[in-house]
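The block underneath contains the structure these notes are about, expressed in structure tokens.
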Amino acid sequence: MKVVETIAEMRRVRLELAEPVGFVPTMGHLHDGHLALVKRARAENPSVVASIFVNPAQFGPQEDFDSYPRDTERDLAMLEKEKTDIVFMPSVAEMYPTQFNSWVEVGKVTERLEGASRPTHFRGVTTIVAKLFNIVQPAKAYFGQKDAQQAIVIRKMVTDLDMNLEVVTVPTLREPDGLAMSSRNTYLNPEERRAAVVLYQALGLAQRLWSQGEKNAERLRQAMIELIEKQPLANIEYVSVADAETLDELDEVRPPALVSLAVKIGKPRLLDNVVLE
Ligand code: AMP
């Protein structure tokens with residue numbers, strides 16, 4: 001496994017890789033959810049590139065860029081074990097030199113859900129992902145269903161801007177109690193960690209009601225809200241039942257529908273979702 005820190009070297013080693021190349025972009029502090037993406041890329045491509053880059057452009061001014069968990073040595077050992085060919089690990093100055101002044105912006109689907117409370121988040125995501133695609137030139141790129149809106153936004157960017165690659169979405173990996181794996185779960189103290197299962201319980205309730213024939217989206221939202229509000233450490237930011245492609249909120253559930261939540265458990269803000277099919 002090669003670890004590469006500059007764009008110039010990444011371009012050089014890229015020339016030697018067997019085609020096609022599968023690519024897994026991450027912000028590091030890896031867990032089994034990230035490794036599920038790497039495993040899928042490994043199974044589907046002769047070459048696998050992963051990146052580790054905590055992207056300042058996707059964090060708001062009050063967000064956790066400085067404190068975001070970092071553990072490069074452990075990350076590299078995990079990626080090596082999964083037979084990653086190249087890890088691209090640039091510095092902030094390498095990706096955003098002082099004269100940097102171009103942005104990639106996707107429209108409507110970035111304004112809802114995460115975009116509503118984090119107005120510059122997706123512009124940061126799409127800009128860095130477009131840069132990484134240009135540098136790595138993968139045939140397939142792998143994203144987690146855990147960040148469903150991110151995957152939808154990236155698909156839209158790839159389609160609208162005719163980027164020559166396939167976006168693959170990989171199912172969410174969960175802890176034994178159902179909590180979606182996330183680098184930010186490390187922020188939870190033991191009491192918050194126990195309370196955090198309420199996101200999964202609420203999604204499970206929505207799925208159960210839907211499978212029993214409930215088609216009224218507002219009743220699904222209300223049922224989830226009532227359940228989450230019983231947990232004293234939980235503070236709801238949004239509970240959404242939306243069209244899985246446009247992210248328009250639904251009155252009547254038409255599959256596939258994306259049921260998604262952002263809930264603060266104490267200070268940490270957690271996301272999760274399921275698709276009703
Ligand atoms: P991050 O490092 O948080 O930016 O995540 C990098 C990639 O891993 C993104 O495509 C995430 O959606 C994906 N990912 C994060 N957590 C999970 C999970 N629990 N299951 C599947 N994919 C995940």
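The values are calculated or read from the model by the stated rules, or taken from the named source; none is laboratory data. Keep in mind that what you see is a predicted model, and the values were worked out from it rather than measured. Every residue, glycine as well, gets a Cβ built from its backbone with ideal geometry; the counts of neighbours run over all protein chains shown. Please note that ligands, DNA and RNA were not included when accessible areas were found on the heavy atoms of the full protein model with its side chains. Shrake-Rupley method; radii C 1.70, N 1.55, O 1.52, S 1.80 Å.
Here are some notes:
- The residues of the stretch 45-108 present an accessible area of 54 Å² per residue when probed at 1.4 Å with all protein chains retained.
- ³J(HN,Hα) computed for each position of the stretch 238-244 - Karplus, 6.51 cos²θ - 1.76 cosθ + 1.60, integer Hz, glycine/proline x: 8, 10, 10, 10, 10, 4, 5
- Relative contact order, percent, the chain [alpha-carbon distance under 8 Å, six or more residues apart]: 17
- Remark on Thr172: its backbone amide H falls under 5 Å from those of Gln145, Lys146, a criterion applied only to residues 5 or more positions apart or on other chains, H modelled at 1.01 Å from N.
- Accessible area of the stretch 36-131 belonging to carbon and sulfur atoms, whole % at 1.4 Å probe: 50
- Candidate aspartates and glutamates - alpha carbon under 17 Å from Lys156, same-chain residues fewer than 8 apart omitted: Glu105, Glu111, Glu114, Asp147, Glu166, Asp243, Glu245, Asp248
- Built amide H within the under 5 Å cut-off of Val48, gap 5+: Gly22, Asp85, Ile86
- P(r) tail fraction, the stretch 142-277 - alpha-carbon pairs more than 20 Å apart, %: 47
- For a straight C-alpha distance cut-off of 26 angstrom, the lysines reachable from Lys215 (same-chain residues fewer than eight places away being disregarded) are Lys108, Lys146, Lys230.
- For Leu270, the amide hydrogen comes within under 5 Å of the amide hydrogens of Val263, Lys264, Ile265, counting only partners 5 or more places away or on other chains and with H modelled in the peptide plane.
- Order of exposure, largest accessible area first, which applies to Ile265, Ile225 with probe 1.4 Å: Ile225, Ile265
- GNM flexibility winner over the chain from Thr72, Thr172, Thr98 (Cα, springs under 10 Å): Thr98
- Fluctuation leader among Glu226, Glu80, Glu111 - the chain, Gaussian network, Cα springs under 10 angstrom: Glu226
- Kirkwood hydrodynamic radius computed over the chain comes to 19.6 Å, based on all pairs of distinct alpha carbons.
- Kirkwood hydrodynamic radius over Cα pairs of the stretch 93-150, then Stokes diffusion coefficient at 20 °C and 1.002 mPa s, in µm²/s: 168
- Exposed loop sites here mean chymotrypsin sites (Phe, Trp or Tyr not before Pro) with a DSSP loop assignment and at most 12 other beta-carbon atoms within 10 Å; the chain contains its longest site-free run at 104-277.
- Applying Stokes-Einstein at 20 °C and 1.002 mPa s to the Kirkwood radius of the stretch 55-180, computed over alpha-carbon pairs, gives a translational diffusion coefficient of 131 µm² s⁻¹.
- Two-site FRET efficiency, Asp243 against Thr72, from Cβ-Cβ distance with R₀ of 41 Å, rounded to 0.05: 0.55
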